[in-house]
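As structure tokens, the structure follows; a few thoughts come after it.
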Amino acid sequence: MPKAFRTFRLPNGVGVYVRETTRFKTVYLRATLQAPLDDDTSLSALLPFVLKRGTTRHPNVLAMTRYLEELYGALFDIDVAKIGERLVVSFRLEVIDPGYLPTGGPDVVVEALDFLRDVIFHPVVNDRGHLDTDYVRQERENLVEMVDSLFDNRPHYALERCIEEMCGDEPFGRYEYGTVEALKAIRPPGLTRHWQHLLDTAPLDLYVVGRVDAVQLERSIRERFGRAGRHAGPLPRATRRPAPARPRRVEDRADLQQSRVVLGYRCNAGFETRQWPALAVMNAIFGGITTSKLFQAVRERESLAYSVNSFLEKEKGILFVTAGISAKSVKKFEAIVKEELEQLRRGEITADELRNAKNHLEDQLRGVEDSPGTLTLFDLERRLAGRLETPEQAAAEIAQVTRGAIAEAARGVQLDTIYLLRE
């Protein structure tokens, strides 16, 4: 019987998802806040870095570090991710499995819940009630430097430029950390207002994975996260658009040894649709694994690129092909990619290609259960897309995909944008 999270929702809208298991030697907690990708994205992206700096009980990094060490070496971190057209901020905490501790000591899971509550709801503020001025300034400067250095990572920069051109008037076109200009304009009063706004309106979810008693845990969570006055509702799912009749072509120049090319395709299917398993297998055969058509044709047969791959943005329903290549070979590269996609549309798939793709995806899905972090992210992404399934169920769907379904999925993949960062 496939395992699933035990779920319940607090009266204030907080979603709670608990997996009781003895598989791990830790208890893993992930609290997430969701924000739209909009003009406030820079505020949403900066906020967790400021909240991470201290709480009213542990007002600086040193105090937080000492407390986590006393909590038997607990690990805490945050991350910011773009999932579809949402910005998802995660606060992650991992503590030792209580079963390994002597009886009579502190309840480490309750302590962990207190810590996460304090990070989100009780950060360090000044006498005006604003988020700490120094923390805001320092983390703003750090994030500005990170966004400013995006160009130094040429593959990432080229991908972001393709997304910007392809989805410029869609929320998905925004970079998850916002812009340098917007970040530089942030001040404590504005960030504080945004923090308070998110606490009142942003979807908030809490995952717990490990050796826990779900019934007792529910009571502890209600006491700590049942904050009254929240009016959170679900954010809209990502929208899809058809590709233009004629693909757009964008070219930038830079001082490079090798050009970067990114092809962006619109798909007529996404994560929540019945066609998703076929689209996932199609992508693996196309360019998602080392035995893929693109890897064999572009690298092994034609020696045009050292690396070439394709991948899907699940909820948005977009497929990207990326490669590092000489500018003089771009036209030949485009022709090869077009031909390999046409083969998929015609259902020209060998038994080895189909088997390798399915084995790869099924192995990935079997590995989801090996990490609590991966497991919670797997469930979160599917809940956001409205596709509730376990890894076992997802693997079973992959196993049933046929050549005909793959061909149908490939026919729904249409070229939208060709981006070249040219040497």
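Read-outs: derived from the displayed coordinates by stated rules, not from any lab. Computed from a predicted structure; not experimentally measured. Here the Cβ is made from the backbone with ideal geometry for all residues, glycine too, and neighbour counts use every protein chain on show.
General observations
- Computing FRET efficiency as 1/(1 + (r/R0)^6) for ASN60 and SER303, where r is the C-beta to C-beta distance and R0 is 41 Å, gives about 0.15.
- Using all pairs of distinct alpha-carbon atoms, the Kirkwood hydrodynamic radius of the chain works out to 23.3 angstrom.
- Ranking PRO189, HIS130, PRO106 by how far each Cα lies toward the positive end of the dipole of region 6-225 (charges on Cβ) leaves PRO106 at the top.
- For the chain, the longest principal axis of the Cα atoms and the long axis of helix 214-225 meet at an angle of about 80 degrees.
- Put simply, when 109-116, 165-172 are sorted by average Cβ atoms within 10 angstrom per residue, most first, you get 109-116, 165-172.
- For region 248-422, the number of Lys pairs separated by eight or more positions or lying on different chains, with C-alpha atoms closer than 18 Å, is 6.
- Spin-label model, THR21/GLU164: points 7 Å from Cα along the beta carbon direction are separated by 4.0 nm.
- Per-selection Rg to Rh, region 340-423 - Cα, Kirkwood hydrodynamic radius: 1.07
- Gained length - GLU348 relative to GLU218, 0.36 nm times residue gap less alpha-carbon distance: 41.6 nm
- Distance from the Cα centroid of region 148-203 to that of region 19-44 is 18 Å (rounded to whole angstrom).
- Taking each residue as 0.36 nm, the span from GLU389 to LYS328 lengthens on full extension beyond its C-alpha to C-alpha distance by 17.4 nm.
- Sequence ranges 93-102, 262-271, 288-297, ranked by mean other-Cβ count within 10 angstrom, highest first: 262-271, 288-297, 93-102
- A straight Cα-to-Cα reach below 23 Å connects LYS52 with the lysines LYS82, LYS184, residues fewer than 8 places away in its own chain not being considered.
- Rg(Cα)/(2.2 N^0.38 Å) for region 248-422, N = residue count: 1.06
- For the listed peptides 37-46, 387-396, a ranking on the average number of other beta carbons within 10 Å per residue, highest first, reads 37-46, 387-396.
- One decimal place: the segment THR239-ASP38 gains 70.9 nm when fully extended, by the rule 0.36 nm per residue minus the C-alpha distance.
- About the centre of its Cα atoms, region 248-422 shows a dipole size close to 740 debye [charges on the beta carbon of Lys, Arg (+1) and Asp, Glu (-1) only; nearest 20 debye].
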